[in-house]
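The values are calculated or read from the model by the stated rules, or taken from the named source; none is laboratory data. These figures come from a predicted structure and were not determined experimentally. Cβ placement follows ideal geometry from the backbone for every residue including glycine, while neighbour counts extend to all protein chains displayed. For the accessible areas, the whole protein counts, side chains as well, though only heavy atoms, and no ligand, DNA or RNA atoms are used. Shrake-Rupley method; radii C 1.70, N 1.55, O 1.52, S 1.80 Å.
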2 protein chains.
Amino acid sequence: MKITYQGETGAYGEMAAYKFFSDKTTVEPLPCKSFRDVFESVKTGTVPNGVIPIENSIEGSVNQNYDHFLEYDLKVCGEVAVKLAHVLIVNPQTTFEDIKNVHSHPQALGQCRNYLEKHKWELYPEYDTAGSVKIIKEKQQQNTAAIASEKAADLYNMKIVARDIADNPSNYTRFLVLANKDAPPTGDDKTSIIFSAKHAPGTLYNALEEFASRNINLTRIESRPTKTTAWQYNFYIDFEGHQTEKRCTEALKAIEKHTTFIKILGSYPRVI
Amino acid sequence: MKITYQGETGAYGEMAAYKFFSDKTTVEPLPCKSFRDVFESVKTGTVPNGVIPIENSIEGSVNQNYDHFLEYDLKVCGEVAVKLAHVLIVNPQTTFEDIKNVHSHPQALGQCRNYLEKHKWELYPEYDTAGSVKIIKEKQQQNTAAIASEKAADLYNMKIVARDIADNPSNYTRFLVLANKDAPPTGDDKTSIIFSAKHAPGTLYNALEEFASRNINLTRIESRPTKTTAWQYNFYIDFEGHQTEKRCTEALKAIEKHTTFIKILGSYPRVI
């Protein structure tokens with residue numbers, strides 16, 4: 001079961017890929033460079049599934065991936081939550097006192113913001129957590145640390161000088177699994193949609209009413225700029241239920257009158 | 001009239017500072033290093049006003065500043081929209097063909113994502129747009145460009161090699177003006193609040209109903225993780241009207257029964 005993720009071996013995306021499939025022995029996670037590459041690989045059918053982070057419990061939404069869903073017509077067929085346990089990683093000869101610079105993915109730097117601000121280190125955003133470990137190892141940087149998982153430290157034979165450095169121990173990232181086809185109902189599902197509300201007072205409220213009046217619980221609402229007209233937004237909503245359930249089908253039909261555009265990203269088994 | 005902003009001279013925050021005051025001759029914009037420094041300077045009274053970006057029409061919310069509003073008890077006393085016109089800037093000896101790396105603020109890199117992806121340059125996030133021009137000038141980097149305003153190029157005597165590089169010409173950033181006191185009503189105002197909805201189905205919808213039923217138009221809704229409990233959110237709402245208007249006072253009182261926490265950031269003259 002091939003599944004692609006963004007980052008290097010040891011990245012949290014790789015953990016999400018393993019976690020999604022119950023039979024771990026046959027999982028074959030394939031690293032790729034960017035989130036766009038994950039979407040492209042699934043779109044072209046090179047790989048049947050991909051996994052991308054969509055939100056973190058401290059830093060919030062991964063905006064780039066919300067935006068990719070507009071551009072790519074892929075299905076969401078699953079969700080996975082991964083607990084992040086960031087550690088501070090250095091080359092074997094480096095001590096904690098030597099550290100002047102810290103490299104990691106911007107989301108990981110953000111998740112450790114309070115800890116990092118205390119130490120007054122210079123921060124360098126990288127494309128990936130595990131990738132930042134690889135970089136400081138390859139360049140043999142002695143005044144530099146990387147933030148990534150313990151697994152990444154082990155893989156690259158590097159030294160851990162601090163643990164539990166996130167601002168909150170409850171640090172989870174929610175990943176979505178991409179496919180070219182829908183997932184069947186299981187009885188405990190979620191559905192994700194994007195819509196643009198008509199530009200008139202109260203239309204967002206009227207759209208939400210179609211869910212509330214049918215006792216459909218929303219688990220998430222996010223807005224992103226349309227990018228075409230300033231201060232106009234697309235709304236991303238996750239709600240409980242599968243799109244084939246009667247109340248969901250009715251709500252999805254009913255909100256059309258409040259929206260200028262709607263796209264169903266998919267229904268999938270609810271994990272969180 | 002002293003007002004502080006994040007970045008170097010020539011930053012878009014400096015333009016926002018000038019734009020906010022009608023009498024430009026007495027404005028004294030003071031640069032500082034981080035958004036946190038802007039909040040701190042106004043909190044301690046070192047400077048009476050500060051200006052911070054809150055959202056961009058292409059890249060969306062500046063999450064860090066949304067989060068700072070939870071921590072600091074400051075008032076929002078105004079909003080300003082600045083049109084961003086990004087140009088690609090190099091040292092005088094560098095040609096377009098020499099470019100291998102591009103430095104800028106992550107928001108500016110995001111606003112030019114399609115343009116940058118076409119050229120396959122390496123991207124380096126910096127703390128500020130104008131600051132990235134300063135850096136490539138000081139280091140005399142010859143294979144490197146910065147993305148910033150034309151004003152920043154002029155200030156540092158650098159060369160412009162491309163204009164209109166944002167993915168959409170409608171590229172605006174909305175700034176909020178911080179103060180220690182409320183702004184009086186003008187008859188055409190907006191109010192910004194933060195609240196946390198009670199954890200039960202439909203509470204966000206019920207909170208929004210308190211505005212809709214009083215014909216109060218929402219201009220913006222944003223959610224951010226609470227950071228204390230995974231998958232719980234604070235909502236940031238902007239609505240039309242001043243908090244001293246009867247319908248607004250009533251709505252603000254009424255939503256208390258749907259929320260566990262509410263904070264009024266301020267009412268201010270509506271610009272956009």
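Within the stretch A:49-66, the residues that satisfy the criterion of being crowded, with 20+ Cβ neighbours inside 10 Å and over 27 Å from A:Tyr115 (Cβ atoms) are A:Asn49, A:Gly50, A:Val51. Among the residues of the stretch B:227-243, those that are without any contact (Cβ under 8 Å) to a residue 24 or more places away in the chain and under 20 Å from B:Gly202 (Cα atoms) comprise B:Thr229, B:Ala230, B:Trp231. Within the stretch A:140-178, if we keep just the residues that are among the basic types (Lys, Arg) and open to solvent by 60 Å² or more (accessible area, probe 1.4 Å), the residue that is farthest from the other protein chains (Cβ to nearest Cβ) turns out to be A:Lys159. Scoring B:Pro169 on the criteria (1) more than 30 Å from B:Arg270 (Cα to Cα); (2) at pLDDT below 95 leaves a single failure, condition (1). Just to be sure, is B:Asp73 within 14 Å of another protein chain (Cβ to nearest Cβ) and under 24 Å from B:Leu265 (Cα atoms)? The answer is no for B:Asp73. One residue stands out among those in the stretch A:1-34 that are out of contact with any Leu (no Cβ under 8 Å at 6 or more places or on another chain) and open to solvent by less than 20 Å² (accessible area, probe 1.4 Å): the one that is farthest from A:Ser104 (Cα to Cα), which is A:Val27.
Restricting attention to the stretch A:114-134, which residues are part of a helix (DSSP H, G or I), in contact with a strand residue (DSSP E or B) (Cβ under 9 Å, 6 or more places away or on another chain) and either touching a residue at least 24 places away in the same chain (Cβ under 8 Å) or hydrophobic (A, V, I, L, M, F, W, C) (or both)? Matches in the stretch A:114-134: A:Tyr115, A:Leu116, A:Thr129, A:Ala130, A:Gly131, A:Ser132, A:Val133, A:Lys134. Applying the set (1) within 13 Å of B:Ala179 (Cβ to Cβ); (2) more than 14 Å from the chain's Cα centre (by Cα) to B:Gly78 leaves exactly one unmet item: (2). Scanning the stretch B:214-223 for residues that are under 28 Å from the mean Cα position of the chain (by Cα), farther than 23 Å from B:Lys43 by Cβ and not polar (S, T, N, Q) returns B:Ile216, B:Leu218, B:Arg220, B:Ile221.
Checking each residue in the stretch B:35-51 for being touching a Leu at 6+ places or on another chain (Cβ under 8 Å) and of a type outside the set (Gly, Ala, Ser) picks out B:Val38, B:Phe39, B:Val42, B:Lys43, B:Val47, B:Asn49, B:Val51. Regarding A:Lys137, is this residue away from every other protein chain (no Cβ under 14 Å), part of a helix (DSSP H, G or I), basic (Lys, Arg) and surrounded by fewer than 20 Cβ atoms within 10 Å (Cβ to Cβ)? In short, yes.
Scanning the stretch B:93-112 for residues that are surrounded by 17 or more Cβ atoms within 10 Å (Cβ to Cβ) and under 20 Å from B:Asn171 (Cα atoms) gives B:Val102, B:His103, B:Ser104, B:His105, B:Gln107, B:Ala108, B:Leu109, B:Gly110, B:Gln111, B:Cys112.
Quick grid of which residues meet (1) more than 25 Å from the chain's Cα centre (by Cα); (2) over 30 Å from A:Glu210 (Cα atoms):
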position: B:Phe175; (1), (2): no, yes
position: B:Ala183; (1), (2): no, yes
position: B:Gly187; (1), (2): no, yes
position: B:Lys190; (1), (2): no, no
position: B:Lys198; (1), (2): yes, no
position: B:Gly202; (1), (2): yes, no
position: B:Ala212; (1), (2): yes, no
